[in-house]
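Worksheet for the structure shown next.
Only the coordinates and a few stated rules stand behind these numbers; no lab work does. What you see is a predicted model, and the numbers here were worked out from it, not measured in a lab. Note that we place each Cβ from the backbone using ideal geometry, even for glycine, and neighbour counts take in every protein chain shown.
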């Protein structure tokens, strides 16, 4: 069993809201606006904001598609975690940053829902963190499966929102909230 973390220190974790990740994503403009609102509200409440930035062959580090979208800008004192795998925890300094902040509760937003957001959500729960997924602040693209069927992005988002309200881990909470309604002061 994972170590369950004592306390109630929240952080906002913004995953991969990068030009190349959201350029063709479902309702990207609305979702980016929800992420920006969450960042503003977290900062106003004194909740630390951490940023995750993916790089790989499709998102070469330093390229235009690798950059965060123009609507979002990390503050100088907000850590940026660089990753190469779906989970923000794998071979990164995320756990060290969370430990430095004494974080116990991750409020999660970002892209892509079915890859990096999902892997990060499960990674957080596996490592003993409480989790709140911002239900209106994550997105992905439609997914074409091997037989040519299309899984609609909206369905992927809805499915992960439902799962995060139903999944249970001992001693941890998992839920969803809207970006304009999450209580950063008591997360």
Percentage of interatomic Cα-Cα distances in the range 1-144 larger than 19 Å: 46 percent
Percent relative contact order of the chain, based on C-alpha pairs within less than 8 angstrom and at least six residues apart? 28 percent
With contacts defined as alpha carbon pairs under 8 Å and 6 or more residues apart, what's the relative contact order of the range 85-187 in percent? 26 percent
Give me the number: length gained by fully extending residue 144 to residue 90, i.e. 0.36 nm times residue separation minus the C-alpha to C-alpha distance, one decimal in nm. 16.8 nm
Dividing the helical contributions, -39500 (n - 2.57) per DSSP H run of n ≥ 4, by the residues of the chain yields a 222 nm value, nearest 500 deg cm²/dmol, of -8000 deg cm²/dmol
Residues 108, 178, 131, sorted so that the one with the fewest Cβ neighbours within 10 Å comes first: 178, 131, 108
Using Cβ counts within 10 Å as a stand-in for footprinting exposure, how do 113, 132 rank, fewest first? 132, 113
In what order do 152, 83 fall by count of nearby beta-carbon atoms within 10 Å, going from fewest to most? 152, 83
Could you pull out which residues in the range 17-44 have an amide N less than 13 Å from a spot 7 Å beyond the Cα of residue 72, following the Cα-Cβ vector? 17-23, 25, 28-40
Potential lengthening between residue 80 and residue 27 on full extension [0.36 nm per residue; Cα-Cα distance subtracted]: 16.6 nm
Would you mind pulling out the separation of the Cα centroids of the range 1-78 and the range 148-176, in Å? 19 Å
May I ask you to order 23-33, 9-19 by the average number of other C-beta atoms within 10 Å around their residues, highest value first? 9-19, 23-33
Log10 I(q)/I(0) at q = 0.16, 0.17, 0.30 Å⁻¹ for the range 106-151, from Debye over equal alpha-carbon scatterers, is -0.49, -0.53, -1.04
